[in-house]
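These notes concern the structure reproduced below.
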Amino acid sequence: MTVLLWVVLPYVAILVFVLGHVWRYRYDKFGWTTRSSELYERRLLRLGSPLFHFGILFVLLGHVGGLLIPEAWTDAAGLSETAYHWIAVVLGTIAGVLTISGMAILIYRRRTVGPVFIATTRNDKLMYLVLAVTILLGLGATFLANVAAGGYDYRHTVSPWFRSVFLLRPDAQLMAHVPVLYQAHALSAMTLFVIWPFTRLVHVLTAPVGYLTRPYIVYRSRTPRPARRGWAS
Amino acid sequence: MRVMAQMAMVMNLDKCIGCHTCSVTCKQTWTNRTGVEYVWFNNVETRPGLGYPRTYEDQEKWRGGWRLNKRGRLTLTAGGRVRKLLSIFANPVMPRLEDYYEPWTYDYATLTTAPLQEHPPVARPKSLITGEDTRITWSANWDDDLGGALEHARGDVVLAKVSEQVRFEFEKTFMFYLPRICEHCLNPSCAASCPSGAIYKRTEDGIVLVDQDKCRGWRMCVTGCPYKKIYFNHRTGKAEKCTFCYPRVEVGLPTVCSETCVGRLRYIGLVLYDADKVLEAACTPDDTGLYEAQRKVFLDPHDPGVQRAAEEAGIPHDWIEAAGRSPVYALISTYKVALPLHPEYRTLPMVWYIPPLSPVVDVVRDTGHDAEDTGNLFAALDALRIPIGYLAELFTAGDPEPVEASLRKLAAMRAYMRDINLGREPNERIPQRVGMSGESMYEMYRLLALAKYDERYVIPAAHAEQAQRLEESVTECSLDYEGGPGMGGSGPFGETSGQPVPVAVENFHVLRERQTSDTAAGRLDRGARVNLLNWDGNGRPDGLFPPRGGDDA
């Protein structure tokens, strides 16, 4: 069971995430969009959307710092365990609260503003559910384990496991005795990665950073008819 | 010198009768789908008026186009690249649907399904956005023919630039129509605003298009375009815009709006220009200098040097030859009667307008004077500062001189041609007064009054040897592509996701679906609705008649 959850499942998630995106990009470039609902409603969106998006970007940075950077590195940089812990908890909570409040506003908007709700597909609803559960579990883990239960150092268990998966030496035992909330958060995140390529979340992968460097005006020749996408091409 | 060719248009506003045929045929062709119900690639505005979307010309508010920064460099009014990316999660200055209008249809079904009652049943307006009952409060041409002008015309952004007294006078004296399509600018700010780089200018003919596969729906282009001619399809989540009917133009046909124009007021032709001078022209310090600066970017297609440079730049010979016959170049550069719309946005627009003389003529006629006499018309032009001031705000960033020069030429042509038509000796002093020869004035008259189809639309077809490269080739069956017909429909990831289909195929499916589907206005869901605008007279939209049989009770 441990192996299934912490070795098989992560690789399945990674595989689906990567291949899913490749497949979606080939099959469905036209559907690759944020599907903005700003035209329907702007007031709530202008509050909720930046809150959520900037919040989640900070959360992402936090995860990079917490999961990818080994404890040895921060130690070497002269950062004590307690200091790291407090920085992580405080910044993580701030980012988490930003994200949660943004998401609350956005979900409220999606449910109550008529046109926005009509434009919500079942696919969207599933995505919102998994995303919200993942974020809530993550914030819950941070908050309960660290503040209420006096601290939990995931950098000895979750982080090494996470890196071990990517180093192709998965060590499931590391995750076996991690608090339930952390386990649940990781499982729910894997679910999110599995459905990711098939939801509107794909817009994340085409964040337009190239805009910073490309020339303003794009010229393009009348191109040959694009080869139709599909497996046989 | 880097010669490029641009497909451009000139509209003769004197001839526009405001019939909206161009708008309707364009809509039938391009925006008859769900998601773009509110979209008019071509719309006709009454001036003075608010325009569509309302007050779009107020760039203090909508922040479209380019401006010069303190160092005199060209920047996007809505902010540069970093600022765009930081505000990407919620575009701060995007027009709301209310700024366009909430599209609606009528609940026609009640007309036939209502039970017997004392008063005839009423088809209630239903919003196409929410499906609920709605109140119709605005549309794309709500203030048509100055309807409600006392209330609305004061909101006219252009009018606000003219002084208060002038404003009052203006409302009493004159009105004209302004048909608008995408300007297919030489320096398009929509393309510059697009974070994904999905909006591009075609190198062959300068048509500005949105790559539907690359568009990610960030909506910055809607803000970037000062003419508000990029629209967001709220069903597909992609930007859409006027395409200059590229599938038609590629085979030498004029755009649908031009083809169906009742007044025959549109001219289409090529303009050769020097791409290296575009930025310099757009950076002209003075707003009023932009008209001249843009004209200097254009190259004389009769000049052998230009022709040689064009050949070297790879422009086919027949295209260069067509540029020489271009009515657009003649009206812009030879006769200098056409002017650009809002050059102060610094996008170097390529749909130009011949300002309307008829309001001036009307005033002269109403005073009982001879409205075709040059003396009277010139005097009136001098006296009627108001309409000229207004036209100047539209076409030359406020400089009355080019507008006046253009109107004087039109007035002179009127008087000169009257003598000829009445069999009198033509008065050669009339053309001389506006710096033209009698011969060139006659040629201009021919172009403005008599020009036939092939003189108004000089459109060289895209090249035969390039036929395989056409986006929609005419040399093969347009249904003949991998996946074949039947690929239309909604993908699993939201509205109309999945493989893009050629325009012809899409239209084929939309038409067939309209005739056979259970829902009237596209495949959907939003309760019964009948959109007669989308109905082509064939088939039977659901809800138009009560369901057949089994409903006897």
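The values are calculated or read from the model by the stated rules, or taken from the named source; none is laboratory data. Not measured: the values here are computed from a predicted model. Cβ placement follows ideal geometry from the backbone for every residue including glycine, while neighbour counts extend to all protein chains displayed. These accessible areas exclude ligands, DNA and RNA; they are computed on the full protein's heavy atoms, side chains included. Shrake-Rupley method; radii C 1.70, N 1.55, O 1.52, S 1.80 Å.
Using +1 at the Cβ of each Lys and Arg and -1 at the Cβ of each Asp and Glu in the protein assembly as shown, identify which of B:CYS190, B:ALA330, A:ALA95 lies farthest towards the dipole's positive end.
Going by the Cα projections, it comes out as A:ALA95.
What is the local net charge at B:GLU311, summed over the other residues whose Cβ is closer than 12 Å to its Cβ (Lys, Arg +1; Asp, Glu -1)?
-2
In the neighborhood of A:ALA88, defined by Cβ-to-Cβ distances under 14 Å, what is the net charge if each Lys or Arg adds +1 and each Asp or Glu adds -1?
Net charge around A:ALA88: -2.
Below 20 Å, Cα to Cα, which lysines can A:LYS125 reach? Residues fewer than 8 away in the same chain don't count.
none
Can you give the accessible area per residue of the protein assembly as shown, in Å², using a 1.4 Å probe?
Per-residue accessible area for the protein assembly as shown comes out at 43 Å².
Filter the GluC sites (Glu not before Pro) in the stretch B:14-120 down to the DSSP loop ones having no more than 12 other Cβ atoms within 10 Å, then list what survives.
Within the stretch B:14-120, the qualifying GluC sites (Glu not before Pro) (loop, at most 12 other Cβ atoms within 10 Å) are B:GLU118.
At 15 angstrom or more along the helix axis (alpha-carbon based) and mean Kyte-Doolittle of -1.0 or higher, what helices does chain A contain? Whole DSSP H runs only.
Span-like helices in chain A: A:9-27, A:43-63, A:81-112, A:122-141, A:180-195.
If the viscosity is 1.567 mPa s and the temperature 4 °C, what Stokes-Einstein diffusion coefficient in µm²/s follows for the stretch A:2-212 when Rh is the Kirkwood radius over Cα pairs?
69 µm²/s
So how much accessible surface do B and A hide from each other in total, probe 1.4 Å, in square angstrom to the nearest 100?
Roughly 6000 Å².
Where the only charges are on Cβ atoms (+1 Lys, Arg; -1 Asp, Glu), what is the dipole of the protein assembly as shown about its Cα centre, to the nearest 20 debye?
1920 debye
Just how many % of Cα pairs in the protein assembly as shown lie over 44 Å apart, if you round to the nearest whole percent?
37 percent
Hey, what did the stretch A:2-212 get for relative contact order, percent, Cα under 8 Å, at least 6 apart?
Over the stretch A:2-212, the number comes to 38 percent.
I want to check the label-to-label distance for B:ASP303 and B:ARG365. Put each point 7 Å from Cα in the C-beta direction and report it in nm to one decimal.
In this crude spin-label approximation the distance works out to 4.2 nm.
Given the C-alpha centroids of the stretch B:287-342 and the stretch A:51-114, what is the distance between them in whole angstrom?
Going from one Cα centre to the other spans 57 Å.
List the lysines whose Cα sits under 23 Å from the Cα of B:LYS409, skipping any in the same chain fewer than 8 residues away.
Straight-line reach from B:LYS409, under 23 Å: B:LYS15, B:LYS296, B:LYS336, B:LYS452.
Mind giving me the nanometre distance, one decimal, between the label points for A:PHE54 and A:VAL204, set 7 Å out from Cα along Cα→Cβ?
The modelled label-to-label distance comes out at 2.0 nm.
Summing Lys, Arg as +1 and Asp, Glu as -1, what charge do residues with Cβ under 14 Å from the Cβ of A:PRO160 carry, A:PRO160 excluded?
After counting each charged neighbour, the total is 0.
Looking at the stretch B:238-332, which trypsin sites (Lys or Arg not before Pro) are DSSP coil and have at most 14 other C-beta atoms within 10 Å of their C-beta?
Hits after loop and neighbour filter: B:ARG264.
Hey, quick one: spin label on B:LEU146, modelled 7 Å out along Cα-Cβ, who in the stretch B:42-72 has an amide N within reach, i.e. under 14 Å?
Those under the cut-off are B:46-50.
Rounded to the nearest 500 deg cm²/dmol, what is the calculated helix-only ellipticity per residue at 222 nm for the protein assembly as shown, with -39500 (n - 2.57) per DSSP H run of length n ≥ 4?
Computed mean residue ellipticity for the protein assembly as shown: -11500 deg cm²/dmol.
What part of the accessible area of the stretch A:49-199, given as a whole %, is carbon or sulfur when the probe is 1.4 angstrom?
Ligands and nucleic acids excluded, carbon and sulfur give 77 percent.
Between B:VAL122 and B:VAL251, what is the spin-label point distance in nm, taking each point 7 Å from the Cα along the Cα→C-beta axis?
Taking the simple label geometry, B:VAL122 and B:VAL251 are separated by 4.8 nm.
Residue by residue, what Karplus-based ³J(HN,Hα) values in Hz, rounded to whole numbers, does the stretch B:46-59 have, using 6.51, -1.76 and 1.60 with θ = phi - 60° and x for Gly and Pro?
Those phi angles translate into 8, 10, x, x, 7, x, 9, x, 3, 6, 4, 7, 7, 6 Hz.
Work out the FRET efficiency for A:ASP153 and B:GLU60 from their Cβ-Cβ distance, taking R0 = 45 Å, and round it to the nearest 0.05.
0.20
Starting from the stretch B:5-114, pick out the trypsin sites (Lys or Arg not before Pro) whose DSSP state is loop and whose Cβ has at most 12 other Cβ atoms within 10 Å.
B:LYS70, B:ARG71, B:ARG73
A:LEU61 to B:LEU86: FRET efficiency via 1/(1 + (r/R0)^6), r the Cβ-Cβ distance, R0 22 Å, to the nearest 0.05?
0.85
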